[in-house]
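Colleague: Sharing a structure with you now.
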Amino acid sequence: MTGRGLRVAGLALGVVAACATAAAVAAPPRTGPLSDGTPAAIHKIKHVVIIMQENRSFDEYFGTYPGADGIPGVAGHPGKVPCLPDPRHHGCDRPYHDHSVYNAAGPHAFATAVADIDHGKMDGFVKQAESGWTAACQKSPNDPLCSRLKRAPDVMGYHDSREIPNYWAYARHFVLHDHMFESDKSWSMPQHLYLVSGWSAHCKVKADPMSCRSAPENPGSPPHQPLNPTNKRPDYAWTDLTYLLHRYGVSWSYYVAKGNQPDCADNAVLCGPVRQSAAVPGIWNPLPYFDTVRKDHQLRNITPLHGFYTALEHNTLPSVSWIVPNERVSEHPPSTTTNGQTYVTGLIDSIMRSRAWSSTAIFVNWDDWGGFYDHVAPPHVDGQGYGIRVPGLVISPYAKSGYVDHQVLSQDAYLKFIEDDFLGGVRLNPKTDGRPDPRPDVRENAKILGNLASDFDFHRKPRPVLILPLDPPVS
């Protein structure tokens, strides 16, 4: 279904988006600047919408974008063009413009990230892709991707405005992040846990937060999937952001696109389809496994995607929205860039056409690098991150125009922005949030982490909408 079809379907169903039940604790006052320097004007933002896509590195999508920290020696960027070791072909591979909207990419587990980064040399991408695909295609030699990969892997390819014109248009008119790193140097499952809780952990004892320990690779999979062949449900006992949102009466929804999961349940590069829906917990729908969500009776806030469009129609958009895609529109290879761009554009166009636009901040992000090349070595933060660079966009009537934000950021910055805007700076901090857990640090307070509030000019007149075509021509 196209972005237009999704929007129309959502509006027709008339399902009101669920909002969090008001809690007994009053929210901190939304007046005055915060202690971290965030201006009081941040509270002009009444709605935060996080659109999380899949598996693209910054260099793959914006490595030739003017003014960004892009691929060395390419498109006028300073430096020598990199050439990464290619053991299979006894040479090295350089970045190249990839016209195809259909990619294969490479493995992207924790060990792969460590090998890709290679102590900051950022030269392991081709080798890891070749070894990963060789092993996968030995098991599934008839898969169509395997015939494509008889050539070198496409992890050194990059796209530009010819393949992803709308994403580049958003960057030109709003804000592009060129030092946004994934929170955890691993695959989608840990990333989506960081996205809602600032941590990825495995808990040995059910309902015991103090039994949880950092887990960058396998925090606990849904039942009957490769990493969990039993029928035992994982239990995420540590504290997630919805606990604070509920406690302070801040409305939220987690919207799930129905279809197949965007990735393999065991992070393999080849696998069969697994169904996904708001009613079924999973890798892209982890909140039902959190103790806090169940105890606070917030499961109803996890809803099908059509509820998002209905909320826009009825002007009932929650304060905080997370939106996750299905496989077809996720951009997770082999899902095409065009399908994903159409879907994201449909979401953004719908917000811009709604009454919510005048007070909304949209954050578009890609959860991990997907095996694609990036030349910037990530900073070291605790034992799990940061991971490899991913693209990030900020779209809002108050967003700066054509601004490339060079701050060091991670997906933890989204939690920080939400906490600053709606919770008066209250953090997911086990020492202060009333629910202790043994997380190694408070990621929102990392000294290296920038502040998304600097991407906004709250003193200017709100900017008009930028309605883009759902299916722009690509070359």
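Colleague: Convert each backbone phi in region 300-307 into a coupling constant with the Karplus relation 6.51 cos²θ - 1.76 cosθ + 1.60 (shift: θ = phi - 60°), then list the ³J(HN,Hα) values in order as whole Hz, x for Gly and Pro.
Modeller: Karplus values, whole Hz, x for Gly and Pro: 5, 7, 9, 10, x, 4, 4, x.
Colleague: Only Lys, Arg, Asp and Glu count, each charged at its Cβ (+1, +1, -1, -1), so figure out the dipole size of the chain about its Cα centre, rounded to 20 debye.
Modeller: Taking the Cα centre of the chain as origin, the dipole is about 1040 debye.
Colleague: Could you tell me, in Å, what Rg and Dmax come out for the Cα atoms of region 266-384?
Modeller: So, for region 266-384, Rg and Dmax equal 16.7, 45 Å respectively.
Colleague: Given the -39500 (n - 2.57) contribution per DSSP H run of 4+ residues, what per-residue ellipticity at 222 nm results for the chain, rounded to the nearest 500 deg cm²/dmol? Could the numbers behind the result be given before it?
Modeller: Working: 12 runs with 110 residues, N = 475.
That comes out to -6500 deg cm²/dmol.
Colleague: Modelling each spin label as a point 7 Å along the Cα-to-Cβ direction, I'd like the Y96/R275 distance in nm, to one decimal.
Modeller: Between Y96 and R275, the label points sit 4.2 nm apart.
Colleague: For a test of the definition: using alpha carbon positions, the gyration tensor, and the 1.5 limit on a/c, classify region 126-199 as rounded, prolate or oblate.
Modeller: Details: a/c = 2.77, a/b = 1.39, b/c = 2.00.
Verdict is oblate for region 126-199.
Colleague: Whose amide H sits under 5 Å from the amide H of F174, counting only residues 5 or more places off or on another chain, with H placed in the peptide plane?
Modeller: G402, Y403
Colleague: Follow-up. For Kirkwood radius over Cα pairs in Å, one of (1) 22.3; (2) 24.7; (3) 27.1 was computed from the structure I shared and the rest are decoys. Which label?
Modeller: Here the calculated entry is (1).
Colleague: Each residue of region 163-179 in turn: what ³J(HN,Hα) in whole Hz from Karplus with 6.51, -1.76, 1.60 and θ = phi - 60°, glycine and Pro shown as x?
Modeller: 9, 10, x, 5, 5, 5, 5, 4, 5, 5, 9, 10, 10, 10, 8, 10, 9
Colleague: Here is a further query. Considering the options P262, V101, S319, tell which one lies farthest towards the positive end of the dipole of the chain, charges being +1 on Lys and Arg and -1 on Asp and Glu at the Cβ, about the Cα centre.
Modeller: Towards the positive end, the residue furthest out is S319.
Colleague: Show the residues, 5+ positions off or on another chain, whose built amide H is closer than 5 Å to the amide H of G91.
Modeller: D86
Colleague: Quick check: the distance between the Cα centres of region 398-451 and region 77-125, to the nearest angstrom?
Modeller: 31 Å
Colleague: Classify region 358-444 from the C-alpha gyration tensor, please: rounded if a/c falls under 1.5, else prolate or oblate depending on whether a/b exceeds b/c.
Modeller: On the way: a/c = 2.54, a/b = 1.12, b/c = 2.26.
Oblate shape, in that a/c is at least 1.5 and b/c is the bigger or equal ratio.
Colleague: Still on this model: For V280, list long-range residues whose amide hydrogen, built 1.01 Å from N in the peptide plane, is under 5 Å from its own amide hydrogen.
Modeller: Hits under the 5 Å cutoff: none.
Colleague: Something else about it: By the gyration tensor of its Cα atoms, with a ≥ b ≥ c the square roots of the eigenvalues, what is the shape of region 77-126: rounded for a/c under 1.5, prolate for a/b over b/c, or oblate?
Modeller: Working: a/c = 1.43, a/b = 1.10, b/c = 1.30.
Note, shape of region 77-126 comes out rounded.
Colleague: Below 8 Å between Cα atoms, with a sequence gap of 6+, how large is the relative contact order for the chain in percent? Show your work: numbers first, answer last.
Modeller: Working: 1106 pairs, mean separation 140.0, N = 475.
Relative contact order of the chain: 29 percent.
None of the figures in this text is laboratory data; all of them are computed from the coordinates on show. Because the structure is a prediction, the values reported are computed rather than measured. With ideal geometry, Cβ positions are generated from the backbone for all residues, glycine too; neighbour counts draw on all protein chains shown.
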